[in-house]
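Engineer: Sharing a structure below in structure tokens format, with a few things to ask.
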Amino acid sequence: MTAGLWAGSASAGVNDIPTSTVSGPIAVTAGSHPYLATDIDLERYGYVEQEYFLEGQAYRYDTGGAIDDPAPRIETGGAGDDGRFPFRTRIVVRRPAVPAQANGTVITEWNNVTSTQDVEFNWFGDPYFLLNNGYTFVGVTAQSIGVNSLKSFDAGRYSSLTVNGNGAVPGPDADALSYDVFSSVVKALKGGRKGVDPLGGIAPSTVIASGESQSCSRLSNHYNRIEPLHEIVDAYLLTVCTAPLRTDRPEKTVRIISENENRMPQPADTFPDTASIRHWEVAGGSHLPRVAFDNLNPVFTRDFAAVTAECQKFPLSLVKWPYTQNAAIRHIVEWAAGGSAPPIAARGQYLPDNTLDRDEYGIARGGIRYPDVTVPVAVNDGINETGAGGSLFSLFCGLFGSSTPFDQTLLHSLYADHSDYVAKYSRAADEMVGTGFILQEDADHLKEDARAFARLRPAAPVVGKRTTRGAVRLSWIGTEADQSTFTLERSRGRGARKWRKVKGQPVTTGRVALSSEPQGTHVYRVSSRTILPDTNISAPETVVTPFSDASRTVKVDRTGPRKPRIVVTGKGTRGVYKGRVKVRVVPRPDRKLPDGSAGVGLDRKSVPKVRRITRKGRIVIRVRTRDRLGNRSPVARAVIRIRR
């Protein structure tokens, strides 16, 4: 730390925050990597992941008072009886490899330890937003359970870590040093450190402290009682916890909760929107959303254990409330810099017994409303319970919420087909952008999800040309999910329908050219078949939809008109004439097709005009007509002689 680094810009409290010594990056070898190291190809995004150790001396705080009273620092205990205890922790940094490509905002997450592991749950909500937009992420191990899990994972790598003074911190709070540890990390990120720069030259303009659930509650306490002493954090992002917040602090804060935390009212007088706080409630969301589970699952399975759970309902809501977290980050950065405040969100709607009011499907009313609850294909909620038997993670079923798909009857009463659903969902996603609770880029991701929905029948095929003598070209709007195929059927275009499977099945896109269709007048319909792969929480499933409505008729005609008739009139007989003769071609109707339907019809322009011939000698006349597709008739031939 250089002398005067904080002069003129840092609060006096910064000097009370431990100045840690930073070492690293800690080597990654074939046998040792950071716990929950990302499986994302960071190089593709121009990012690097590095782990650092920070060590120093931390104090405890008396956090037993009111939330609006700064917590007194405890200056007794420890080896020197001055209140200081040693700590050595780790941080995981994911940042742009080229500092100039960083946007200046650092998301510093207090890792969650509810699962007995050291987990960056807010990172897993949507890491791609951070990677695509130049944010720097720092995951902080602040609690003893997290340290213990690291030592169990890789003792050789993490044996020196401690956040409880090597066990010397007296009870009842084994994590009493965590507040100083977290503040020390933020101080180091801002330049107040010894040793190496963990940000690789990135100079942060805004440091947002982020915490989820248990760590959100811990970070709320930091906001209420420690930050007023240290004044080191620029802003806070708090998710899925309802710990009370004092209302007199300047640090800009957005709290986002799901239906799990919102099943009882969070009244505005207790959880207000203020000049520095926004309280947002997301309808239908679960404490752990499916999108975060999907991002977490591979690395958690790799480094700890497969997450399996036996719940009473299928676990995890599909409402992607981490997209609202992305919007919150954008708002916070602008707000903290003196810009406009984020929007105020509608609260949940409640019945007289203080339970959430629900619509006819069981979906919660009020709150921030994703298209998944306004254009539903399932009941997504925050409700679930542990089922019979089950693994360790089944104990968390109450936090997982659920997603219960609508059956085919209900689905097709709400939406004519996949195209109808996608159109309605896309409009709802775009309208949500206007509320400020989601970004356009994430609305586009939601629309991609809708296009991949696999349980609605495709729209009726669109015919390229109504008549053809070559390929029949069809296109349709159906699921874009992976492992989807489409089955086409054909029927006669009139009368009772008898459907037959079209050869050359299956097709894997919503477009096909059928090159060898039989002649006749046809209509087509299509259905989809999608294999939904298995996960830790679900077996594989094959979804086959009903068939679409029929297409418009397509006439396949490769047969020309019947042979025309040549009529010659003049003075003479048996093909021998004297003087001028008149030659007239009488066309014959277009032939019927093999299925009995009419052909495309005669092209009248192909019928020669009446000719008058005066030239003497032998004359051979050859004539053929064609239909409107260019199919030709057999040749009609006549030989005449004109004498002098």
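The values are calculated or read from the model by the stated rules, or taken from the named source; none is laboratory data. Keep in mind that what you see is a predicted model, and the values were worked out from it rather than measured. Glycine also receives a Cβ, built like all others from the backbone with ideal geometry; neighbour counts cover every protein chain displayed. Surface areas here come from the heavy atoms of the whole protein model, side chains and all, with no ligands, DNA or RNA. Shrake-Rupley method; radii C 1.70, N 1.55, O 1.52, S 1.80 Å.
Residue by residue, here is whether (1) within 30 Å of I26 (Cβ to Cβ); (2) part of a strand (DSSP E or B); (3) of a type in the set (G, A, S) holds:
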position	(1), (2), (3)
D197	yes, no, no
A203	yes, no, yes
V207	yes, yes, no
S217	yes, no, yes
S220	no, no, yes
L229	no, no, no
L238	yes, yes, no
L245	no, no, no
D248	no, no, no
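Engineer: Only one of (1) in a loop (DSSP other than H, G, I, E, B); (2) surrounded by fewer than 21 Cβ atoms within 10 Å (Cβ to Cβ) is not met by E334, so which one is it?
Structural biologist: Of the numbered conditions (1) in a loop (DSSP other than H, G, I, E, B); (2) surrounded by fewer than 21 Cβ atoms within 10 Å (Cβ to Cβ), the odd one out for E334 is (1).
Engineer: Name the single residue that is nearest to A459 (Cα to Cα) among those in the stretch 498-529 being among the β-branched types (V, I, T), under 30 Å from the mean Cα position of the chain (by Cα) and open to solvent by less than 60 Å² (accessible area, probe 1.4 Å).
Structural biologist: Among those residues, the one meeting the criterion is V526.
Engineer: If you go through the stretch 261-275, how many residues are open to solvent by 20 Å² or more (accessible area, probe 1.4 Å), modelled with pLDDT of 90 or more and closer than 16 Å to F400 by Cα?
Structural biologist: Total meeting the criteria: 1.
To keep it simple, each residue is scored yes or no on (1) in a strand (DSSP E or B); (2) open to solvent by 70 Å² or more (accessible area, probe 1.4 Å); (3) closer than 20 Å to V93 by Cα; (4) in contact with a Cys (Cβ under 8 Å, 6 or more places away or on another chain).
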| residue | (1), (2), (3), (4) |
| --- | --- |
| I26 | no, no, yes, no |
| Y35 | no, no, yes, no |
| R44 | no, yes, yes, no |
| V48 | yes, no, yes, no |
| F53 | yes, no, yes, no |
| Q57 | yes, yes, no, no |
| I67 | no, no, no, no |
| P70 | no, no, no, no |
| G77 | no, no, no, no |
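Engineer: Go through the stretch 359-380 residue by residue and tally those that are in a loop (DSSP other than H, G, I, E, B) and acidic (D, E). Quick ask: steps written out before the conclusion?
Structural biologist: Taking the stretch 359-380 as the starting set, the residues that turn out to be in a loop (DSSP other than H, G, I, E, B) are 359-363, 365, 367, 369-370, 375-377.
Of the ones still in play, those that are also acidic (D, E) are 359-360.
Number satisfying all stated conditions: 2.
Engineer: Here's a follow-up. Only one of (1) open to solvent by less than 30 Å² (accessible area, probe 1.4 Å); (2) on the phi > 0 side of the Ramachandran plot fails for L488. Which number is that?
Structural biologist: Single failed check for L488: (2).
Residue-by-condition table, conditions (1) within 60 Å of the chain's Cα centre (by Cα); (2) closer than 29 Å to R574 by Cα; (3) not in a helix (DSSP H, G or I):
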position: V600; (1), (2), (3): yes, no, yes
position: K605; (1), (2), (3): yes, no, no
position: K609; (1), (2), (3): no, yes, yes
position: R615; (1), (2), (3): no, yes, yes
position: R618; (1), (2), (3): no, yes, yes
position: I621; (1), (2), (3): no, yes, yes
position: L629; (1), (2), (3): yes, no, yes
position: P634; (1), (2), (3): no, yes, yes
position: I640; (1), (2), (3): no, yes, yes
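Engineer: Checking W321 against (1) closer than 19 Å to Q440 by Cα; (2) open to solvent by 60 Å² or more (accessible area, probe 1.4 Å); (3) not aliphatic (A, V, I, L, M): exactly one of these is not met. Which one?
Structural biologist: (2)
Engineer: Cβ contacts < 7 Å: first residue farther than 26 Å from G80 by Cα, restricted to the stretch 54-69; second residue open to solvent by 30 Å² or more (accessible area, probe 1.4 Å) and in a loop (DSSP other than H, G, I, E, B), any location; separation 6+ or different chain. Result?
Structural biologist: As it stands, the answer is I67/P244; D68/D248, since those pairs meet every condition given.
Engineer: Which one is surrounded by the most Cβ atoms within 10 Å (Cβ to Cβ), of the residues in the stretch 98-132 that are touching a strand residue (DSSP E or B) at 6+ places or on another chain (Cβ under 9 Å), closer than 21 Å to T324 by Cβ and of a type in the set (S, T, N, Q)?
Structural biologist: Top of the filtered list is N122.
Engineer: Regarding K571, is this residue without any contact (Cβ under 8 Å) to a residue 12 or more places away in the chain, more than 23 Å from G464 (Cβ to Cβ) and either open to solvent by 30 Å² or more (accessible area, probe 1.4 Å) or touching a strand residue (DSSP E or B) at 6+ places or on another chain (Cβ under 9 Å) (or both)?
Structural biologist: So K571 passes the test.
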